[in-house]
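J.: Take a look at this one; I'll ask things after.
The values are calculated or read from the model by the stated rules, or taken from the named source; none is laboratory data. This one's a predicted model, so the numbers in the text were calculated from it and none came from an experiment. Every residue, glycine as well, gets a Cβ built from its backbone with ideal geometry; the counts of neighbours run over all protein chains shown.
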Amino acid sequence: MTAIPDRGNESFRLSQLIYDTRYRALTFQFIALVALITFIAWLMSNLFSNLADQGQDISFAFLASPAGYDINQQLIPYDSQDTHLRAAMLGILNTLLVAFLACATATVIGVIAGVLRLSKNWLISRLMAVYVEAFRNVPVLIWILIIFGVNNIIFPQPRAFRGADPDASMVLWDSIAFTNRGVYIPKPIWESGSAIVVAVFLLSIIGIFVFRRYARNLLYSTGKLLPTGRISLAIFFVPTLLAYFVLGMPIGLEKPELAGFNFQGGIQLRGSLIALWFALAIYTGAFIAENVRAGIQAVSKGQTEAAGALGLRPNRIMNLVVLPQALRIIIPPLISQYLNITKNSSLAIAVGYMDVTGTLGGITLNQTGRAMECILLLMLFYLTISLSISAIMNVYNNSVKLKER
Amino acid sequence: MKKSVFIGALAFAGLAAGAAAAQSTLEEVTNRGELRCGVSTGLVGFAAPNSAGEWEGFDVAVCRAVAAAVLGDPSAVEFIPTTGKTRFTSLNSGEIDMLARNTTWTFSRDVDLNFEFTGVNYYDGQGFMVPASLGVSSATELDGATVCIQTGTTTELNLADFFRSNGMSYEPVPIETNAEAQQQFLAGTCDVYTTDASGLAATRAAFPNPGDYVLLPEIVSKEPLGPLVRHGDNQWGDIVRWTLNALITAEELGVTGADAANPVESNNPEVNRLLGTAGTLGEMLGLDNAWAARAIAASGNYGEIFEANIGESTAIGLARGLNAQWTDGGLLYSPPFR
Amino acid sequence: MSDTHSHSAAFVRHDQIPPSPPPAGETGPVKWIRENLASSVSNAIMTVIGLVAIFYLAIWALPWFTNSVWNAADIRECREIMGDARGACFAVIEERWLQLLFGFYPPESYWRLIISFFGLFLALAPILFSNLPRVLMVWTGLFPFVSVWLIWGGSFWGPAMVLAGFVVGYFIFRFASTINFVAGLAAGIVGAIIWWSFLLGPIAGVLSSIIPIELAKVESREIGGFTINFILGISSISLSLPLGILLALGRQSNLFFIKGVCVVFIEFIRGVPLITLLFVANVILAFFLPPGSNFDLMLRVIIMITLFASAYIAEVIRGGLAALPTGQYEAADALGLDYWQAIRFIILPQALKISIPGIVNIFIGLFKDTTLVSVISMFDLVGMIRGPILSSTDWSGIYWELWFFASALFFVFCYGISKYSMYLEDKLRTDHR
């Protein structure tokens, strides 16, 4: 190393591939590449010789043939004569539905439990600790099965609602029925004019944002504090209700009614959906609670004390000082929890919820025997979801990082 | 470096293993000294482990007969429980040598999935079971009902076809195993449980109060159930097919398991050919001539197996019906041993 | 001093007044209640809500325990004994607990599982608690082979010769690494592989014919219940650690190709649910193996769970690597250490220490996730409950008791491990001070 000879003139020797650090990395990588290609080629040759032995092939043509089976929860119209592809689409929508519901509910539960766990109230913080530990330390599959069991065993059969003196009755003015086949809730009926009501509702929500911005500008420029909460509430309700009654109540409610074997009408939240939804929400909520707690505790105590010295009230300290800073720490793990919910929703298969694992990876696979193709597509779907969520997370992380500097 | 060498070595080991493959199924089974037989995860009467962990049942008896024919020992069977999802892939991948799991013989399974059905050991049809308190007497009254089905079976498709062709609606509740379907049906999560009529009878027999449930008269499909093997190994397929035929022929000819255990020269030449006291049928199969005698001696002839596992004297109490010999008005009609 | 005072002041107190007790509201339980349960109106309301919730939970759950029946032959007898009272029928646990723990494992061989279980703790002890004598590590190294032999039975010489392969590899490595570390490592691995693939079978055969030490063979299919969860959890996490370290190093390395492979592998595994990987193990893995070769479902599942866990562990270790100050890498370079030396002596010891709590958390998650094998019809604890027990005529209709038992079992283990992880974090924190 001390005296560098004029290497340029030196001719290339084969041993340099191993001993010269300039080439060694390339050599190793080349060996690794060859090994990997050999390995993959070996797998593929096995695959094709196995398939050839059994006279099978890899073909996705089955996706276009009629599925032949029925699916109970249909977010888009579906019929047993539709294709396997459409059945898979239905499954994907059902996956997304339960993942969305569970994410929203888990966030609410997690934030409340996380904040309450730091409460000064000894009893409440202890209760929340019990909740978090109990749910974090028991497998989610067991929770799903327990909640499914609650639903099946505790709630009455639809039959129990029948007769002059039924064993069970509906709640909330005969509009909601809890049965072991799921919960039946009323369904809105959109009549003519309902579009206007919806439009008014959307406008008033925009109005709330406009008003809040106006109030903040007013506060910053003149120091005048408007009662934003009450006025926002008024904007939220009054115009929509006015429109609703002026137009002669165009949005009706279709209540579920017992007819034949089951309740008809209304929206049926199936037992499998409820089990999956709440089990995932409560289970993941416990993890989110821990993330929220860690985030809040990571905000230095001086911030809280400084805000207190400025005379802010405790809930304002939380809303204006602690939470905005804590969010930066909370959100990345929160998003990976959302990812976990989406992946864990594949446990639907344990309770017969027709998500994409149940349709494409379940019945379609069983009926067509195309295991390779179905599982490949299934993995591809989850991979797409995961990668897009991580992409969003990266964007968010970068934006937060910029602000920090 | 470490990784690449490791992978290379692994690939090398794999190639070495790959070169040693490609045996016929019969060779594999005899070398192993054990038959690997795929059965259901537990359907009383057809295939279920008893309290001592021994598998017994109607399908199990077919496996034992094949093991007796090939290996000379009816207990040289490893029973591999398979679900609706895994049964075909287990057979395809060679994890099992034959599948005897009340599997319906259909065109697409035979042709598209490349299996060889070796005959029918039970002629079945899809039926419906409802609680008696529901007051339903026909499947055509089931409009709007919630129906429990086992996924991955032909029943799922038949059900869709049946309700569609009758212009009725229903709500399917897909379930993986018979055990869970039973729990859900008992809890009242569904009004109707549908599967093969024999399966319904077996399931009902295990209920606490079997009398509270009725089987509806409609049979909505043809379900010929039988053992199957992989496509392409015709010798193995012949062995399984003719073992089953031997059981059926034995009943037709009045040869019982006890007779087959001690074969004596009979006046009927076909009995002699069957039991190997005359002719060389076994050698044509690549076995010895006493193969069928051993298969029949394993658990008796078809009729004996039926009576012992699912017949009217058992808790399941199935009548012979379609599964009687053709001489008794049934469908069992084995080709002759000649 | 006191003399001067006595002259200048009319009255001087000579002894101190004893402190008066604090007001009643500021002491003992009253103060505690005021501060911790009712510091404000809203706090008091929350306390009341909490108390009401506990009260309802108690009157709902207590009779269930107090009326429970522990001795009955089946569910009908249970209900008869209880009469009208509402209670748990723990008789099912009483009758089936061995099945829930061990599955269909031959009862006369239960001792083998029990010895393995306690042997595991002995093997883990020197890893978990650094103040134990290092000699115990010998047992830790031997344990995997002993436990495999105990659990699956068969000839003692099979696992012993596999272990001997490691010894052979190690000596080749010792000998060859005097020339070059990496080459020595490679030679050692190749030597061990040659031993395993060509010499192992004959030598084990000869040895077992000379000195037959045999245990009754047990099929994987007979193992069930909580034992499966344990076997899967422990074996996957220990196998995935080395793989995870390699993946993490690969992802951090500046060899673009190796880095690319590692990134793709890690992101792929982390992007798909474990259940799809289990489907692969169950249904399509056999397609990728040479025709005619097929192995145990349990082994296939262990392979897939190991791959799954290694991707997550790689990410935790990557975090540990990233947390090290660059100065450490630069210092290693400055000392003239090559890459592997730097990794072995400087980087990994520190990075692993930082990653331990994360690894423990992954272990807890993995241990819980082993219940998913019930979906591919393996009879683990959950599969055992869902399959054979709930569908038996004797116990169909029992639900809560079994799930309560399963949850309690998992809770005890997972909570214990997470407490240990906290202890570890505390210990590591003091080290850094």
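J.: Here are C:F367, C:F405: which of them is facing another protein chain (nearest Cβ under 9 Å) and closer than 30 Å to C:L299 by Cβ? Spell out how you get there, then give the answer.
T.: Working: C:F405 fails: facing another protein chain (nearest Cβ under 9 Å).
Selected residue: C:F367, the only one of C:F367, C:F405 that is facing another protein chain (nearest Cβ under 9 Å) and closer than 30 Å to C:L299 by Cβ.
J.: Moving on. Are any residues in the stretch C:370-401 more than 7 Å from chain B (Cβ to nearest Cβ) and not in a helix (DSSP H, G or I), and if so, which ones?
T.: To start, the set of residues in the stretch C:370-401 that are more than 7 Å from chain B (Cβ to nearest Cβ) comprises C:370-376, C:378-385, C:388-389, C:392, C:394-395, C:397-401.
Across the stretch C:370-401, the qualifying residues are C:M378, C:F379, C:D380, C:S392, C:D394, C:W395, C:G397, C:I398, C:Y399.
J.: I've got another one for you. Do the conditions hold for C:G50, that is, is it assigned to a helix (DSSP H, G or I), without any contact (Cβ under 8 Å) to a residue 24 or more places away in the chain, among the small types (G, A, S) and more than 13 Å from every other protein chain (Cβ to nearest Cβ)?
T.: Details: assigned to a helix (DSSP H, G or I): yes; without any contact (Cβ under 8 Å) to a residue 24 or more places away in the chain: yes; among the small types (G, A, S): yes; more than 13 Å from every other protein chain (Cβ to nearest Cβ): no.
Answer is no for this residue.
J.: If you check B:E156, B:E176, which single one turns out to be closer than 23 Å to B:L228 by Cβ and modelled with pLDDT under 85? Step through it out loud before you land on a result.
T.: Working: B:E156 fails: modelled with pLDDT under 85.
When all the criteria are applied, what remains is B:E176.
J.: Mind telling me which of the residues B:L216, B:L228 ends up being buried (at least 24 other Cβ atoms within 10 Å of the Cβ) and away from chain C (no Cβ under 14 Å)? Spell out how you get there, then give the answer.
T.: On the way: B:L216 fails: buried (at least 24 other Cβ atoms within 10 Å of the Cβ).
Among B:L216, B:L228, only B:L228 is buried (at least 24 other Cβ atoms within 10 Å of the Cβ) and away from chain C (no Cβ under 14 Å).
J.: Another question about this same structure. For the condition crowded, with 16+ Cβ neighbours inside 10 Å and in a loop (DSSP other than H, G, I, E, B), what is the one hit in A:V138, A:V132, A:V183, A:V200?
T.: Working: A:V132 fails: in a loop (DSSP other than H, G, I, E, B); A:V183 fails: in a loop (DSSP other than H, G, I, E, B); A:V200 fails: in a loop (DSSP other than H, G, I, E, B).
Result of the check over A:V138, A:V132, A:V183, A:V200: A:V138.
J.: Those residues that are of a type in the set (S, T, N, Q) and not in a helix (DSSP H, G or I), I need them from the stretch B:116-173; list them, please. Can you show your working first?
T.: Kept after step one, since they are of a type in the set (S, T, N, Q), are these residues of the stretch B:116-173: B:118, B:121, B:126, B:133, B:137-138, B:140, B:146, B:150-151, B:153-155, B:158, B:165-166, B:169.
Matches in the stretch B:116-173: B:T118, B:N121, B:Q126, B:S137, B:S138, B:T146, B:Q150, B:T151, B:T153, B:N166, B:S169.
J.: What number of residues in the stretch A:128-149 are hydrophobic (A, V, I, L, M, F, W, C), more than 8 Å from chain C (Cβ to nearest Cβ) and touching a residue at least 60 places away in the same chain (Cβ under 8 Å)? Walk me through how you get there before you give the answer.
T.: Taking the stretch A:128-149 first, the residues hydrophobic (A, V, I, L, M, F, W, C) are A:128-130, A:132, A:134-135, A:138, A:140-148.
Now restrict to residues that are more than 8 Å from chain C (Cβ to nearest Cβ): A:128-130, A:132, A:135, A:143-144, A:147-148.
If we keep only those that are touching a residue at least 60 places away in the same chain (Cβ under 8 Å) as well, we get A:128, A:132, A:135, A:143-144, A:147-148.
Selection size over the stretch A:128-149: 7.
J.: Looking for something touching a strand residue (DSSP E or B) at 6+ places or on another chain (Cβ under 7 Å) and either among the small types (G, A, S) or away from chain C (no Cβ under 13 Å) (or both) - is there at least one such residue anywhere in the stretch A:333-352?
T.: Filtering the stretch A:333-352 down to residues touching a strand residue (DSSP E or B) at 6+ places or on another chain (Cβ under 7 Å) leaves A:352.
Filter again for either among the small types (G, A, S) or away from chain C (no Cβ under 13 Å) (or both), leaving A:352.
Yes: the stretch A:333-352 contains one or more residues that are touching a strand residue (DSSP E or B) at 6+ places or on another chain (Cβ under 7 Å) and either among the small types (G, A, S) or away from chain C (no Cβ under 13 Å) (or both).
J.: State the number of residues belonging to the stretch B:289-317 that are assigned to a loop (DSSP other than H, G, I, E, B), hydrophobic (A, V, I, L, M, F, W, C) and either within 14 Å of B:P74 (Cβ to Cβ) or more than 16 Å from the chain's Cα centre (by Cα) (or both). Step through it out loud before you land on a result.
T.: As a first pass, look at the stretch B:289-317 and keep what is assigned to a loop (DSSP other than H, G, I, E, B): B:289-290, B:300-301, B:310-317.
This time we only want the ones that are hydrophobic (A, V, I, L, M, F, W, C), so: B:290, B:310, B:315-316.
From the residues that got through so far, the ones that are either within 14 Å of B:P74 (Cβ to Cβ) or more than 16 Å from the chain's Cα centre (by Cα) (or both) too are B:290, B:315-316.
Result for the stretch B:289-317: 3.
J.: Considering only residues that are surrounded by 18 or more Cβ atoms within 10 Å (Cβ to Cβ) and either among the β-branched types (V, I, T) or outside any helix (DSSP H, G or I) (or both), which ones fall in the stretch B:50-75?
T.: Within the stretch B:50-75, B:W55, B:E56, B:G57, B:V60, B:V62, B:V66, B:V70, B:P74 meet the criteria.
J.: Quick one: A:A160 ticks every box in (1) within 22 Å of B:L186 (Cβ to Cβ); (2) more than 8 Å from every other protein chain (Cβ to nearest Cβ); (3) surrounded by 21 or more Cβ atoms within 10 Å (Cβ to Cβ) bar one, so which box is it?
T.: Only one criterion in (1) within 22 Å of B:L186 (Cβ to Cβ); (2) more than 8 Å from every other protein chain (Cβ to nearest Cβ); (3) surrounded by 21 or more Cβ atoms within 10 Å (Cβ to Cβ) is unmet by A:A160, namely (3).
J.: I've got another one for you. Within the stretch A:46-90, which residues are touching a strand residue (DSSP E or B) at 6+ places or on another chain (Cβ under 7 Å), part of a loop (DSSP other than H, G, I, E, B) and of a type in the set (A, V, I, L, M)?
T.: A:A67
J.: Quick check: is even one residue across the stretch C:249-259 more than 11 Å from chain B (Cβ to nearest Cβ) and either touching a strand residue (DSSP E or B) at 6+ places or on another chain (Cβ under 9 Å) or in contact (Cβ under 8 Å) with a residue 12 or more places away in the chain (or both)?
T.: Yes, the stretch C:249-259 contains at least one residue that is more than 11 Å from chain B (Cβ to nearest Cβ) and either touching a strand residue (DSSP E or B) at 6+ places or on another chain (Cβ under 9 Å) or in contact (Cβ under 8 Å) with a residue 12 or more places away in the chain (or both).
J.: Just to verify a result, which residue in the stretch B:92-114, among those that are surrounded by 24 or more Cβ atoms within 10 Å (Cβ to Cβ) and of a type in the set (A, V, I, L, M, F, W, C), is farthest from the other protein chains (Cβ to nearest Cβ)?
T.: The qualifying residue farthest from the other protein chains (Cβ to nearest Cβ) is B:A100.
J.: Take the residues in the stretch C:66-121 that are assigned to a loop (DSSP other than H, G, I, E, B) and among the acidic types (D, E); name whichever of them is nearest to C:L402 (Cα to Cα). Write out each step before concluding.
T.: Looking only at the stretch C:66-121, we keep the residues that are assigned to a loop (DSSP other than H, G, I, E, B), and these are C:67-68, C:70-74, C:83-88, C:90, C:104-106.
With the extra rule that they be among the acidic types (D, E), the set shrinks to C:74, C:84.
Working: C:D74: 14, C:D84: 21 Å.
Selected residue: C:D74.
J.: I'd like the full set of residues that are among the polar types (S, T, N, Q) and either assigned to a helix (DSSP H, G or I) or within 13 Å of chain B (Cβ to nearest Cβ) (or both), limited to the stretch C:159-193. Full working, then the answer.
T.: Quick first cut of the stretch C:159-193, residues among the polar types (S, T, N, Q) only: C:177-178, C:180.
Listed by number, the residues that qualify are C:S177, C:N180.
J.: Another question, then. Can we say B:A179 is hydrophobic (A, V, I, L, M, F, W, C) and under 29 Å from the mean Cα position of the chain (by Cα)?
T.: Details: hydrophobic (A, V, I, L, M, F, W, C): yes; under 29 Å from the mean Cα position of the chain (by Cα): yes.
Yes.
J.: Another question, then. Would you pick out the residues in the stretch C:332-353 that are over 18 Å from the mean Cα position of the chain (by Cα) and within 30 Å of A:N340 (Cα to Cα)? Full working, then the answer.
T.: If we filter the stretch C:332-353 for residues that are over 18 Å from the mean Cα position of the chain (by Cα), which is where we start, we get C:332-351.
Across the stretch C:332-353, the qualifying residues are C:L348, C:Q350, C:A351.
J.: Further, regarding this structure: Do you know which of the residues in the stretch B:276-296 that are surrounded by 21 or more Cβ atoms within 10 Å (Cβ to Cβ) and farther than 22 Å from B:V120 by Cα is modelled with the highest pLDDT?
T.: So, considering only residues that are surrounded by 21 or more Cβ atoms within 10 Å (Cβ to Cβ) and farther than 22 Å from B:V120 by Cα, the one modelled with the highest pLDDT is B:L287.
J.: Is it the case, given these coordinates, that B:T103 is in the same structural domain as B:A61 (by the TED database), more than 23 Å from B:R241 (Cβ to Cβ), under 22 Å from the mean Cα position of the chain (by Cα) and of a type in the set (S, T, Y)? Quick ask: steps written out before the conclusion?
T.: Working: in the same structural domain as B:A61 (by the TED database): yes; more than 23 Å from B:R241 (Cβ to Cβ): no; under 22 Å from the mean Cα position of the chain (by Cα): yes; of a type in the set (S, T, Y): yes.
Criteria not met by B:T103.
J.: Same structure, new question: Checking the conditions here, which among C:N229, C:N282 is over 22 Å from C:F410 (Cβ atoms), in contact with a helix residue (DSSP H, G or I) (Cβ under 7 Å, 6 or more places away or on another chain), among the polar types (S, T, N, Q) and buried (at least 21 other Cβ atoms within 10 Å of the Cβ)?
T.: Details: C:N229 fails: over 22 Å from C:F410 (Cβ atoms).
Unique residue meeting the criteria: C:N282.
J.: Let me ask something else. What pairs can you find where one residue is in the stretch A:340-354 and touching a residue at least 40 places away in the same chain (Cβ under 8 Å), the other is hydroxyl-bearing (S, T, Y) and assigned to a loop (DSSP other than H, G, I, E, B), and their Cβ atoms are less than 9 Å apart, with a gap of 6+ or different chains?
T.: Note: pairs meeting the criteria are A:S345/A:Y353; A:L347/A:Y353; A:G352/B:T151.
J.: How many residues, within the stretch C:274-307, are more than 18 Å from A:I40 (Cβ to Cβ), touching a residue at least 40 places away in the same chain (Cβ under 8 Å) and in a helix (DSSP H, G or I)?
T.: Result for the stretch C:274-307: 13.
J.: Of all residues in the stretch A:114-127, count the ones that are within 14 Å of another protein chain (Cβ to nearest Cβ) and either over 22 Å from C:I33 (Cα atoms) or among the hydroxyl-bearing types (S, T, Y) (or both). It would help to see each step written out before you state the result.
T.: In the first step, residues of the stretch A:114-127 are kept if they are within 14 Å of another protein chain (Cβ to nearest Cβ); the result is A:115-127.
With either over 22 Å from C:I33 (Cα atoms) or among the hydroxyl-bearing types (S, T, Y) (or both) added as a condition, the list becomes A:119, A:125.
Looking only at that region, the number is 2.
J.: Would you confirm whether or not the stretch B:234-251 contains a residue that is touching a helix residue (DSSP H, G or I) at 6+ places or on another chain (Cβ under 8 Å), surrounded by fewer than 20 Cβ atoms within 10 Å (Cβ to Cβ) and not β-branched (V, I, T)? Spell out the reasoning first.
T.: Filtering the stretch B:234-251 for residues touching a helix residue (DSSP H, G or I) at 6+ places or on another chain (Cβ under 8 Å) gives B:235-236, B:238-240, B:242-244, B:246-251.
Add one more test, that the residue is surrounded by fewer than 20 Cβ atoms within 10 Å (Cβ to Cβ), and what stays is B:235, B:238.
Applying the additional criterion that residues be not β-branched (V, I, T) yields B:235, B:238.
Within the stretch B:234-251, one or more residues are touching a helix residue (DSSP H, G or I) at 6+ places or on another chain (Cβ under 8 Å), surrounded by fewer than 20 Cβ atoms within 10 Å (Cβ to Cβ) and not β-branched (V, I, T).
J.: In the stretch C:55-94, how many residues are within 13 Å of chain B (Cβ to nearest Cβ) and either buried (at least 17 other Cβ atoms within 10 Å of the Cβ) or β-branched (V, I, T) (or both)?
T.: 3
J.: Quick check: is even one residue across the stretch C:182-190 at pLDDT below 85, surrounded by fewer than 18 Cβ atoms within 10 Å (Cβ to Cβ) and among the small types (G, A, S)?
T.: yes
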